[in-house]
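So the structure is just underneath, and the comments pick up after that.
The values are calculated or read from the model by the stated rules, or taken from the named source; none is laboratory data. It should be emphasised that the depicted structure is a prediction, and the values quoted were computed from it without experimental measurement. Every residue, glycine among them, receives a Cβ derived from its backbone with ideal geometry; neighbour counts consider all protein chains shown.
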Amino acid sequence: MDNNLKKRWISLYVENQVGVLSKISGLFSGKSYNLDSLTVGTTEDPTISRMTIATVSDDETFEQIKKQLNRLVEVIKVIDFTDIFVRMKEILYIKVRKCTQEDKVELFQIAETFKARVIDYGKDSLLLEFVQTAAKNDAVIKLMKEEFKNIEVVRGGSVGIESISMMER
Amino acid sequence: MRQISGNKLLVKALKEEGVDTLFGYPGACTIDISDELYKQDDIRVILPRHEQALVHEADAYARTTGKVGVCLVTSGPGATNLVTGLATANYDSVPLVCFTGQVARHLIGNDAFQEVDIVGITRSITKYGVTVRNREDLGRIIKEAFYIARTGKPGPVLIDLPKDVMAELGSAEYPSEVNIRGYKPNTNVHIGQLKKAIKMLNKAERPLFLAGGGVNIARANDIFTKIVEKTNIPVITTVMGRGAIPTNHPLYIGNLGMHGAYAANMAVSECDLLFSIGTRFNDRITGKLHAFAPKAQIVHIDIDTAAISRNIHVDIPIVADAREAVLKMQEYVEPCHTEKWLGQVNAWQAEHPLMMKKHAEMGPKDIIDEINRQFDEAIVVTDVGQHQMFAAQYVEITEKKQIIMSGGLGTMGYGFPGAVGAKLGNPDTPVIAISGDGGMQMNIQEFATAVLEELPVILCVFNNTYLGMVRQWQKLFYGKRYGMTNLRSGALFRRTEGKEMPEYTPDFVKLAESYGAKGIRVTKKDEIAGAFEEAKKNTKVPTLIEFIIDPEEMVYPMIQPDGTLEEMIMDC
């Protein structure tokens, strides 16, 4: 069944109502679909929320996921991000503790290389903020784990929107 | 503007929706609604003896009338007792609107007395569920609930009613229009796809219609039968699709699947075009997927996009209501040259006709044959188990006869309350329940409802003192180790080695009589006809007929779970 098992993205317009998030996440768990990441927030219309969902699935399962989401009364629209140009970013915070002076220098270099910002600073700690694609964040986390022993990671999950021009990511 | 309470608006809404019967069980959180219902006469209120039976009754009422079934239960345990019935209705696409009481808004989340998150509990087994949080939303939510329940693929909707919201005064208006932006059920048929499918049908050498429950739900039977006759293409059905065309029709082969007819399963295996309508290709009908309809191109018409190409690959998908689809098909279909193919199908039927070998003096088929003989018009409601499969194989369905059962979820305990609900909706039609001794005891308390509502349902209990279907698997696949299936087992049996048992546990005849119903026990074949004659004379009370059945009776043919046709077990 794992033909074409890969990460795929969906954007959902849903009713901004109590229980909708639970309904969506419950659909994934109840039907054993993988739910890699899910973000949600209200839109310009306060009665509508928009979700960006990542799932690791094969072609057939992905088709089912879209159909099952479409069936839900609270789901207004399902957009498959697979074959369209989208802008998509994820916020990532990494706090590094017990830094030496050299560590700090290296962290500033990393920040510059990855276009991250150092947003907080302590005697022996630094807080970095990355806003980039989830894949790049994966790479950063891998690197930081190798370089530093004492790190704390919080990531927000991706939010995405269709591009205006023909540009991806 | 006139202001009324939520309780009053609810009753007003029910009347405007044309609800004539409500199945309710009271409690603290719904007492005000009971009070409003008490003050009116338009809606008949039925008081079953358990909420599970209540929801099954509403379900059967809906299945046999085409109306939306309406339930009203209280918060907490009243609501949780709905769960099995909601799942049953959801699986078989039955339109229900269930109102549950809820504690007042300020108590929600406080572990208040009889508080439960019923919307959360039932989220995955309802088509839609919502708690009314503001009085001004009540009318709209009820309107939407009825619309959602009956349109598209029908299903149960749950509305949770906090007590204080219902007490609040607000607008007396009940909306006349519905507009739900996330819910636009598809009604039109894609003509291009349909024409393509019909072209394939005309080209096929061995075409086969497969009708599922969707044909019955959409009440497409009459037109579907016309199409079948015009095209001269044979028909197989799922258990839920039985009756899509009359079962005595010469073009009807039988059910397919685990306990399907040999000829029906052979036809699926050999057909070159499988034209299916309103089925989800459940594992009980497909068996091993790679061996299902291996030579066929598949057309699939279904109202539910998610049912298409989920279990099997479909060549031509058509999203449509079954009735709309067959109405359109009628314009395009042509007679097909199926003589040779029909000859082959008939040969299979002759080779292994659906039959039961004689095991005891009186077998299940003798009883069903008698039902077929004595009733030209009937609604047959089954429970779940061996008797259900016997009924699905042998009960004759015509334009005037219907069979209903819990097909998808397989809910034991459905049969008796199902018969009560069917009779309430169809007072002039004979209603016959076929149940086992196991399932009958799961909702036996409904004798009270049936007696007090003067419902002359006929309850056939196939009593073999075993949970027969599980026993059948144990007999065939588990070395005859009858663990947990002997309904006479226990300390008494162990201590006395079965020698000091009461004659019956329970004595169904006495049990029926204790409620004021009639009870008849039948042990011999020549008593069957008389028992039904007797039951028909009881026009104001239910009659239970207990048939003593040999536990060795088996449902054949049988394809093993996840098996293939080659492994089909015929009678042995």
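Just a few scattered comments:
- Looking only at residues of segment A:28-68 that are within 19 Å of the chain's Cα centre (by Cα) and farther than 21 Å from A:ALA134 by Cα, we find that the one that is farthest from the other protein chains (Cβ to nearest Cβ) is A:THR42.
- Strands (runs of 3 or more DSSP E) lying entirely in segment A:63-163 (those with 2 or more residues that are among the β-branched types (Val, Ile, Thr)): A:75-80, A:86-96, A:117-121, A:151-162
- Cβ pairs under 9 Å, 6+ apart, first in segment B:49-73 and closer than 19 Å to B:TYR91 by Cβ and not assigned by TED's automatic domain parsing to the domain that holds B:THR122, second β-branched (Val, Ile, Thr) and surrounded by fewer than 24 Cβ atoms within 10 Å (Cβ to Cβ): none
- All positions within segment B:419-450 that are part of a helix (DSSP H, G or I) and touching a Lys or Arg at 6+ places or on another chain (Cβ under 9 Å): B:GLY421, B:ALA422, B:LEU424, B:GLY425, B:GLU446, B:PHE447, B:ALA448, B:THR449, B:ALA450
- Pick from segment B:181-199, criterion among the hydrophobic types (A, V, I, L, M, F, W, C) and crowded, with 18+ Cβ neighbours inside 10 Å, ranking: farthest from the other protein chains (Cβ to nearest Cβ): B:ILE198
- Selection of strands (runs of 3 or more DSSP E) fully inside segment B:273-351 by the criterion of at least 1 residues being of a type in the set (Asp, Glu), in contact with a strand residue (DSSP E or B) (Cβ under 7 Å, 6 or more places away or on another chain) and surrounded by fewer than 18 Cβ atoms within 10 Å (Cβ to Cβ) returns nothing.
- Every residue from segment B:42-65 that is part of a helix (DSSP H, G or I) and either at positive phi or not polar (S, T, N, Q) (or both): B:GLU51, B:ALA53, B:LEU54, B:VAL55, B:HIS56, B:GLU57, B:ALA58, B:ASP59, B:ALA60, B:TYR61, B:ALA62, B:ARG63
- Taken over segment B:18-45, residues that are buried (at least 18 other Cβ atoms within 10 Å of the Cβ), hydrophobic (A, V, I, L, M, F, W, C) and under 22 Å from B:GLU168 (Cα atoms) amount to 3.
- Of the set (1) over 18 Å from B:MET389 (Cβ atoms); (2) not in a loop (DSSP other than H, G, I, E, B), all apply to B:LYS475 but (1).
- Looking only at segment B:144-165, and only at residues there that are more than 11 Å from chain A (Cβ to nearest Cβ) and in a strand (DSSP E or B), the one that is nearest to B:VAL68 (Cα to Cα): B:PRO156
- A single member of B:VAL239, B:VAL228 is over 17 Å from B:GLN344 (Cβ atoms), of a type in the set (Val, Ile, Thr) and part of a loop (DSSP other than H, G, I, E, B), and it is B:VAL239.
- In segment B:364-388, the residues that are aromatic (Phe, Trp, Tyr) reach residues that are in a loop (DSSP other than H, G, I, E, B) with C-beta atoms within less than 7 angstrom, at least six apart or across chains, in these pairs: B:PHE375/B:PRO430.
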